[in-house]
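A.B. asks: Have a look at this one.
The values are calculated or read from the model by the stated rules, or taken from the named source; none is laboratory data. In this text the structure is predicted, and so the values were computed from the model without any measurement. Here the Cβ positions follow ideal geometry from the backbone for every residue, glycine too, while neighbour counts run over all protein chains shown. Just so you know, the surface numbers come from the protein's heavy atoms only, side chains and all, with ligands and any DNA or RNA stripped out. Shrake-Rupley method; radii C 1.70, N 1.55, O 1.52, S 1.80 Å.
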Amino acid sequence: SLLNLPVKKWAEFLYSLGKPKKNLIFTVTVNQARMVSDILNRVKPGLSEWVCGDTKLVSEEDRLRIGRDFELGDLPVVVNCGIYSEGYDNPRIEMITMARPTKSLTLYVQQLGRGTRILEGVIDGLKEPSERLGAIAASSKKSLTVLDLAGNSGRHNLVTAIDLFAGKISNDVRKRAEAKSKKSDVPRNIPELIKESEDELRMEKRKREAE
């Protein structure tokens, strides 16, 4: 097994299973990003690079180079701290590794969203959902692998009935509505539940401001 192999043999074993997935890793700190990347490169030199927002540690030029190599497929793994959580569009990403916990559902969804982009041209011109799903299943990126090392998948529910009906609501309203729904012994009308939660939070805020 892999556990019984020396580190020098890991790369040979892992590459025997196929090419590494294009993996974007999220970390809490810069030191963690550097450490994770270093460990991966001990297994296979050139397997990984790391980035952060501090240009004193990673220059803008290096950041652009790393991003370009990752997008072109020349770099299998990028470990990042505070760079690619939102606004980064790279359909080649096949795997997201969550190596940082977050209490924010919004941030969690944004980070996972970096890997949910469909490859270019796969669903162009297809109108029916069944056609699009079939095209995705037949493409070279059929799915996204999520490796959750920080327990975020157990902390957050990505999609609930409240998410479907709510539209744009605050996390506080969502949490209040979810808590009410779980405590209720009978089914609740979701739009009414959301409005009730919004009204309660609004009244609580006014009360605090009046004290």
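A.B. asks: Could you tell me which numbered condition L14 fails, if it satisfies all but one of (1) without any contact (Cβ under 8 Å) to a residue 60 or more places away in the chain; (2) open to solvent by less than 40 Å² (accessible area, probe 1.4 Å); (3) in contact with a Pro (Cβ under 8 Å, 6 or more places away or on another chain)?
C.D. replies: (2) is the only condition that L14 fails.
A.B. asks: Then there is this: I'd like to check something: does region 139-155 contain any residue that is assigned to a loop (DSSP other than H, G, I, E, B), open to solvent by less than 70 Å² (accessible area, probe 1.4 Å) and at positive phi?
C.D. replies: yes
A.B. asks: Taking the residues in region 23-42 that are surrounded by fewer than 16 Cβ atoms within 10 Å (Cβ to Cβ) and not aliphatic (A, V, I, L, M) as candidates, determine which candidate is farthest from M98 (Cα to Cα).
C.D. replies: Going through the qualifying residues, I end up with R42.
A.B. asks: I'd like the full set of residues that are open to solvent by 40 Å² or more (accessible area, probe 1.4 Å) and not polar (S, T, N, Q), limited to region 119-133.
C.D. replies: Correct list: E120, G121, I123, D124, G125, L126, K127, E128, P129, E131, R132, L133.
A.B. asks: Listed residues P45, P20; which is outside any helix (DSSP H, G or I) and open to solvent by less than 60 Å² (accessible area, probe 1.4 Å)?
C.D. replies: Of the residues listed, the single one that is outside any helix (DSSP H, G or I) and open to solvent by less than 60 Å² (accessible area, probe 1.4 Å) is P20.
A.B. asks: For region 57-74, state whether one or more residues are more than 24 Å from W10 (Cβ to Cβ), in contact (Cβ under 8 Å) with a residue 12 or more places away in the chain, part of a strand (DSSP E or B) and of a type outside the set (F, W, Y).
C.D. replies: Looking through region 57-74, none of the residues is more than 24 Å from W10 (Cβ to Cβ), in contact (Cβ under 8 Å) with a residue 12 or more places away in the chain, part of a strand (DSSP E or B) and of a type outside the set (F, W, Y).
A.B. asks: Now for a different question. Looking at T106, T116, can you tell me which residue is open to solvent by 80 Å² or more (accessible area, probe 1.4 Å) and within 30 Å of Q32 (Cα to Cα)?
C.D. replies: Matching residue, one of T106, T116: T116.
A.B. asks: A follow-up question, please. Just to be sure before I move on: is E86 at pLDDT below 90, under 22 Å from A33 (Cα atoms) and either of a type in the set (D, E) or exposed (fewer than 12 other Cβ atoms within 10 Å of the Cβ) (or both) in the structure I sent?
C.D. replies: yes
A.B. asks: Among the listed residues L158, L149, which satisfies the condition of being hydrophobic (A, V, I, L, M, F, W, C), closer than 29 Å to F26 by Cβ and at pLDDT below 85?
C.D. replies: L158
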